[in-house]
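Structure record follows, encoded as structure tokens.
The values are calculated or read from the model by the stated rules, or taken from the named source; none is laboratory data. Keep in mind that this is a model prediction, so the values were computed, not measured. Keep in mind that these areas ignore ligands, DNA and RNA; they rest on the heavy atoms of the full protein, side chains included. Shrake-Rupley method; radii C 1.70, N 1.55, O 1.52, S 1.80 Å.
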Amino acid sequence: MRLDIVITGVGGQGNVLASRILAKAAMEWGLPVRTSEAIGMAQREGVVMSQVRMGEGAYGALIPDGSADVLLGFELAETIRGLAKLKSGGVVIANRQTIYPVSVSLGLSQYEPEQMISYLENTDAHYHLLDATALAGEAGTYKCTNIVMLGALASLGILPYDEKHLKQVMLDVIPPKLRDINLRAFELGRQALGGE
Amino acid sequence: MKKLLMGNEAMAYGAIEGGVQVVTGYPGTPSSEVFTSLAAMAKEKKIVAQWSVNEKVALEVAAGAAYAGARAMVTMKQVGLNVAADPLMTLAYIGIKGGLVLVVADDPGPHSSQNEQDTRRFASFAKLPVLDPADPQEALIMAREAFEISEKLGLPVLLRPTTRTCHVCQDVEVSEAVLPTQEPAGFEKSPGWVIFPSLAAKRHSWLNQQQDVARELFESSSFNRIDPGTGRQGIIAGGVAYHYVKEALALLGLDIPVLKIGTPYPLPINVVMKYLDKLDRVLVVEEQEPVIEDQLIQMIFHHRRPVILRGKYNRFVPREGELDTGKVKEIIADFLKIELPDHKNVFNPPPLPVRPPILCAGCPHRASFYAFKQAALGADAIFTGDIGCYTLGNMAPLHAVDTCLCMGASITIGSGLQMVETNKKVVAFLGDSTFFHTGIPGLINAVHNQAKQTVVVLDNRTTAMTGHQSHPGLPRTAIGEPVEPLDIARLAEACGVGFVRVVDPYDYAASLEVARQALAYEGVAVVVMRRECVAIVKGGQTARMIDSEKCLDCGLCIEELGCPAIAKGEEGPVIGASCTGCDLCRQLCPSGAIIERGGAK
């Protein structure tokens, strides 16, 4: 079993935590694992990408372009940017949320959500769009968007471990007072893609 | 036991397993978590962990402990080693008693650095051995073994991870067993600790001999190994490039012999010669400088091996930036003259927004920059910057950083500029931690030489960019013990500065007034803009919102501040959920349209 997952988003969206939860779950399932994360300057509202490689044959931590099995996109434009990493026919779970960078407000660059969605629709990826940020708000805070996304990923049955295991590892990692909110977020994400 | 550890944490565990007793350092991405992980374990493991004011100080403090027989570690990023170069170069002559390990993290790319210098090159320049891990697991083992190598050789040892080891997590085998550390033997007085020129002359030949001793030691090191394969062509891979080579070979379906190098300097001759024995052609894959390749060229020449070498000098392997599996796959294909299937570029997305890192919503630096920009309106001003989050003040729309060179250079570059640009206002911006690091000598220099410039200390009460480490201006040490903080304003006064003010950047009117006074002052003025980093202050302020009835949609809040919490909406600006309530925009809004969220209209 081998699975390469790319998580893209904007600094502050909980990208690193999501990556660590997926990796810890893999390790505790007995799989070799590597992650690579953006730590430092990029975390200040910049593009962040985490890479998680689990299973035998995970060499270095960087996933070669065009070979990731799964792309978890926390933000629409970053999802599209992250498609460069995805293999042909890979799986995309994309949050519909758009975070307009200051460069767009200042007229220095463009942000066209409709074009982005239509680009995604025309790739050969198996994509799932959801409003993870709204679901996170429903769970208690938009800050648990990352956990909604993990719930959605878990419901697809493509991880090398089961949903319950991922949920348990998530609960182990989250501070006790935030567990209820994150549990709700995980469930909402799971149900969003048709999980029972 | 297996743990999911980031490379930096793994090196901290390795240091503990290796019996470290003293750890010092200065924060710097990607190295910082080596120290913070050790500091978090300091009380339990009974080790001394101290943040130092800069890397030179850190190395000297650790060397002192090693003089007395303690096992000591120093952590820093690659450019930090430049600051520590003075003690390092001579420490190599003096030697040490207790094991001394420098963890110096390189940042090819670069991701978070001002250059791509190669610490392996620095190590060979200083004539000191260097270890280059391929992954967090090996980094742990190297950190553990480095102390013994250091003590065997009587020399400091460098451990040089790169970003892709430091900030990579792996399931790492950690051992609860810690080497029994001995009580440090203590300092013994001897002429050997005093580097007179006569001693330097003697020790230089000793140091040169130690190169061969180290090389011999590395002949049997498990950090170098041959992965057997078939054919008369091979690849030598250093550090993280090893995994890229292995994956690229797997993708290409090739089985050629690979020599993994974990001790790039000094390179063990017998290991290399034995590997070259069965080969006609060899490719060297390493990031940054041709450190392994240069030594190979010498060895091949001296041993008259008829082997064809490919690497950086033939432009097969880039000397800049990071490598990855994709790049290495192409390099290998090129080397073996394999046709790769035509790569169809299917990724052709619509225009995507530019998203560089910027100052956070509510960052007090934004308010400080804005106040000084406004105070300097009409005057021709040059804003010199420094290393920290505030380098981002360079970005649109603030454009408040005109120069950035290295730690502490804001004040000194400014001093040089004001000599020539006599009609301009020169304003230097630097952070609190940077002020302690290398700002103070520049400030004293400016006062003594009667410069006319303003120095703005952006005192956000932390070392923010590298992950919020403590510094001497704070009332706590690296391990959280209470300590008397140093007062930057009083320090500036003691340095002879005639105009010193402290102001809260969130108070715009007060900041603007102080900024105007400082710019008008004939001499060196110091303004301490004091407000805690917004990333460590949780809550406390009410977020703001825009009263659309009052908003004139003038665009000032967006176009002047560049705050990521304010975006352009269909009907004027909208303040989003990331607003921290810093209140700067409300104080600037010409129509009073910005109000407290949930407040009465």
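Distances over 21 Å make up what percent of all Cα-Cα pairs in segment B:396-519? So the pairs more than 21 Å apart make up 42 percent of the total in segment B:396-519.
Which value, in Å³ per residue, describes the convex hull spanned by the Cα atoms of segment B:117-172? The partial results should precede the final answer.
Working: hull volume 3.5 nm³, N = 56.
Taking only Cα atoms, segment B:117-172 has a hull volume of 63 Å³ per residue.
What percentages, rounded to whole numbers, describe P(r) for segment B:448-586 computed over all alpha carbon pairs with 5 Å bin width beginning at zero? With 5 Å bins starting at 0, P(r) equals 2, 8, 14, 16, 15, 15, 12, 9, 5, 3, 1, 0. Per the Debye calculation on segment B:250-341 with a single equal scatterer at every Cα and no solvent contribution, log₁₀ I(q)/I(0) for q = 0.14, 0.16, 0.17, 0.19 Å⁻¹ amounts to -0.52, -0.68, -0.77, -0.96.
Tell me what chain B gives for mean residue ellipticity at 222 nm when only DSSP H runs of n ≥ 4 count, each as -39,500 (n - 2.57), the sum divided by the residue total, rounded to 500 deg cm²/dmol. Show your work: numbers first, answer last.
Details: 20 runs with 215 residues, N = 601.
When only DSSP H runs of four or more count, the value is -11000 deg cm²/dmol.
Calculated from the alpha-carbon coordinates, segment A:107-196 shows an Rg and a Dmax of 15.0, 46 Å respectively.
Could you provide, to the nearest whole Å², the per residue accessible area of segment B:31-73 with probe 1.4 Å? Please report the intermediate quantities before stating the final value.
Values: 1540 Å² over 43 residues.
With the other protein chains kept in place, segment B:31-73 gives 36 Å² per residue.
Here the protein assembly as shown is described by how far its Cα atoms reach on the three principal axes: 82, 70, 49 Å, from widest to narrowest. Rolling a 1.4 Å probe over the protein heavy atoms leaves B:K97 with an accessible area of roughly 60 Å². Normalised by 2.2 N^0.38 Å, where N counts its residues, the alpha-carbon radius of gyration of segment B:515-601 equals 1.30. Using every pair of separate Cα atoms, the Kirkwood estimate puts the hydrodynamic radius of segment B:353-442 at 13.4 angstrom. Principal axis extents of the C-alpha atoms in segment B:324-376 (largest first, rounded to whole Å): 63, 27, 20.
Placing one equal scatterer on every Cα of segment B:143-226 and applying the Debye formula, the log10 ratio I(q)/I(0) at q = 0.14, 0.18 Å⁻¹ is -0.78, -1.10.
Report the convex hull volume per residue for segment A:33-126, counting only C-alpha atoms, in Å³.
Details: hull volume 9.8 nm³, N = 94.
Dividing the Cα hull volume of segment A:33-126 by its residue count gives 104 Å³.
Each Cα pair of segment B:446-489 feeds into the Kirkwood radius, which the Stokes-Einstein equation turns, at 37 °C and 0.692 mPa s, into a diffusion coefficient of 264 µm²/s. For chain B, the longest principal axis of the Cα atoms and the long axis of helix B:197-219 meet at an angle of about 70 degrees. For segment B:296-450, a Kirkwood hydrodynamic radius built from all Cα pairs, placed in the Stokes-Einstein relation at 10 °C and 1.306 mPa s, yields a translational diffusion coefficient of 78 µm²/s.
Can you pull a Stokes-Einstein diffusion coefficient for chain B at 37 °C (0.692 mPa s), Rh from Kirkwood over Cα pairs, as a whole number of µm²/s? The estimated diffusion coefficient comes to 124 µm²/s. Relative to one another, the C-alpha centroids of segment B:522-556 and segment A:53-82 are positioned 37 Å apart.
Remark on segment B:188-332: ratio of C-alpha radius of gyration to 2.2 N^0.38 Å is 1.24. The tail of the calculated P(r) for segment B:1-155, taken as Cα-Cα distances beyond 22 Å, holds 32 percent of the pairs.
Please give the per residue volume of the convex hull enclosing the alpha carbon atoms of chain A, rounded to a whole number of Å³.
Cα convex hull per residue, to the nearest whole number: 117 Å³.
Put simply, the convex hull of the Cα atoms in segment B:205-250 casts, on average, a shadow of 4.6 nm².
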